[in-house]
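The values are calculated or read from the model by the stated rules, or taken from the named source; none is laboratory data. Values in this document were obtained by computation on a predicted structure and should not be read as measured data. Counting neighbours? That spans all protein chains shown, and the Cβs are built from the backbone with ideal geometry, glycine included.
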Amino acid sequence: METLKTLPLERDDPFQPPAVLKELHGPLHPMTYADGRPGWLVTGHAEARAVLDDPRFSNTSQGAAPPIKELAPPEGLADLVIPPGFFIAMDDPEHSRYRRLLTGHFSMRKMRRLEPRIQEIIDGRLDEMAHAGAPADLVRAFALPIPSLVICELLGVPYAERSRFQDTTARAVNLDNSIEERGAAGAELMAYLSELVGRKRADPGEDLLSELAAGGELDHEELTGAATLLLTAGHETTANMLSLGTFLLLCRPDQADLVRADPGVAQSAVEELMRYLSITHIGPIRVARADVPLAGQTIRAGETVTISLPAVNRDPARFPDPDRFDVTRQAGQQLGFSHGIHQCLGQQLARLEMRLAYPALLRRFPTLRLAVPAEEVPLRPRATIYGVAALPVTW
C-alpha cells in the first residue's frame, strides 16, 4: 500500500477533488505527516462515519500531527493551547458542557422563527445589487454579507464592525500566511470579541452573547472563545458555499434552471452542493487514544487520522455515479457538516440561508452569468475552507 506524502489539496478542476484522490483504491491509506510521524487518510464514507462516531478518536489538537507542512506548529509550539470556550477542539465532557448551552439557540424551531428575517436580509442584498448594477463581485455583494449579517444579528455583533472580523478571519485561514501571521490574526479577533463581551456584560441587549453573559455559566474567557468560534464558523463557511455554489450553478445552467423554477428543489440542491463541493477540504482530523481496527488495518494509539471530505462525499459505495452533479439527488448523508457529537452546531442555520439564497438570487437575476471566463475565477485552494476569492458576475 503506497504511503501518501502529504494531504492532496491542489485541484485541476475547481469543482472536482484533487486528482490524486481519484487514483486511490480502498477507504484507508497510510500518510506521512509534515513532522515525519505516520498517520492515515480516510476516503471511505462508512469509515469516516465510524471514526467520527468513535470516542476512541480524540478531537483535541494536543498531539495531533498536522496534515500538511504549512499547518505544522513552529518549533517549541507542538502542543497548541485550546482557548477556553473554543469547544470544537475539545472532547467530552468539556465539549458537551459548552454545546448544551448553545444547542437550543440553533434548533429547527429557532431557525423557523428566523426565516422571515433571513429572507429580508437576502432581499435587501438583491435590491442593493440591482441598484448598483452589473457587473458585481458576488462574494462581496451577496455571498459574504448574508451570513455575516445573520450571525451578527444573532450574536449581537454590530454589523458596522464587520470588517474587523472578516479581515482577520480571512488572514487566519489563509495557509499562504505564516503560522505567526495566522496566530496574530486569531489573537486580534479574540481581542476584539473580548472587548465586545465586556460591552455585553456592562450593557446587555437582546442577543445570544448578552444572554450567555447574563446566564453566568461561562466566564469572560470562555464566552470570548465561544464567540470567536461561532462568529468565524457562522460566516466563513456559508459565504464560501454561497459563492462557490453559485459558480457551479452558473457553469451548469440546466441545474440552475431547476433551482430557479421549483423552490422545492432548493432543499435537495443544498445537500448536493455540500456533497459535490466539499469546501471543508482539510479534515476533520482525529488522534487515536488507543489501537483501533479500521478497514482491515490497525490505527495505533497516538496516530493521526485525517478524513478527506472531498473523497468521502464522492464515495461510489454511498453515492451512485458520484461525479454527476444533480440538484434533485437525495444526498442527505453527505458529511459536509461532519458527523457524531461534533456535527456542526449551526448546520440548520447554514442550510436555511442557502435554501433561501440560491433560488432568490437565480429568480431575481434570471440572466445571471459569469463576467469572466470560468478559468479566470480566482480560487482559494490554500485556505482551510475551499472557495473562490471573487466571483465576477453580470446580468
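What number of residues in region 278-289 are under 21 Å from THR60 (Cβ atoms) and modelled with pLDDT of 95 or more? Steps first, answer last, please.
Let us first name the residues in region 278-289 that are under 21 Å from THR60 (Cβ atoms), namely 280, 282-289.
Pick out the ones that are also modelled with pLDDT of 95 or more and you get none.
The qualifying residues number 0.
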LEU294 meets each of (1) farther than 23 Å from PRO8 by Cα; (2) surrounded by 18 or more Cβ atoms within 10 Å (Cβ to Cβ) with one exception, condition (1)
Selection over region 224-278 where residues are of a type in the set (S, T, N, Q), touching a Pro at 6+ places or on another chain (Cβ under 6 Å), assigned to a helix (DSSP H, G or I) and more than 13 Å from ALA143 (Cβ to Cβ) yields a count of 0
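Yes or no, residue by residue, for (1) modelled with pLDDT of 95 or more; (2) surrounded by 20 or more Cβ atoms within 10 Å (Cβ to Cβ); (3) over 29 Å from PRO392 (Cβ atoms); (4) in contact with a Lys or Arg (Cβ under 6 Å, 6 or more places away or on another chain):
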residue: ALA266; (1), (2), (3), (4): yes, yes, no, yes
residue: THR306; (1), (2), (3), (4): no, yes, yes, no
residue: ARG314; (1), (2), (3), (4): yes, yes, no, no
residue: ARG318; (1), (2), (3), (4): yes, no, yes, no
residue: ASP321; (1), (2), (3), (4): yes, no, yes, no
residue: ILE341; (1), (2), (3), (4): no, no, yes, no
- Message: Among the residues of region 368-382, are any surrounded by 18 or more Cβ atoms within 10 Å (Cβ to Cβ) and either modelled with pLDDT under 95 or more than 22 Å from ALA134 (Cα to Cα) (or both)?
- Response: yes
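Determine which member of the set LEU273, LEU248 is within 25 Å of THR169 (Cβ to Cβ) and more than 14 Å from the chain's Cα centre (by Cα). Step through it out loud before you land on a result.
Working: LEU273 fails: more than 14 Å from the chain's Cα centre (by Cα).
The unique qualifying residue is LEU248.
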Filtering region 358-395 down to residues that are in a loop (DSSP other than H, G, I, E, B), in contact with a Phe, Trp or Tyr (Cβ under 8 Å, 6 or more places away or on another chain) and under 24 Å from GLU236 (Cβ atoms) yields LEU368, VAL377, ARG380, LEU391
Within region 1-54, the residues that are of a type in the set (D, E, K, R) and in a helix (DSSP H, G or I) are LYS22, GLU47, ARG49, ASP53
Residue count, region 14-27, condition surrounded by fewer than 21 Cβ atoms within 10 Å (Cβ to Cβ) and modelled with pLDDT of 95 or more, comes to 3
Restricted to region 212-223 and to residues being part of a helix (DSSP H, G or I) and of a type outside the set (A, V, I, L, M), the residue surrounded by the fewest Cβ atoms within 10 Å (Cβ to Cβ) is GLY215
Filter region 143-163 for residues that are in contact with an Asp or Glu (Cβ under 8 Å, 6 or more places away or on another chain) and in a helix (DSSP H, G or I); the one that is surrounded by the fewest Cβ atoms within 10 Å (Cβ to Cβ) is TYR159
Picking from GLU47, GLU120, the residue that is over 30 Å from GLY216 (Cβ atoms), surrounded by fewer than 16 Cβ atoms within 10 Å (Cβ to Cβ) and modelled with pLDDT of 90 or more would be GLU120
Can you find a residue in region 344-357 that is over 23 Å from the mean Cα position of the chain (by Cα), outside any helix (DSSP H, G or I) and surrounded by fewer than 21 Cβ atoms within 10 Å (Cβ to Cβ)?
no
Does ALA34 satisfy the condition of being aliphatic (A, V, I, L, M), at pLDDT 80 or above and touching an Asp or Glu at 6+ places or on another chain (Cβ under 9 Å)?
no
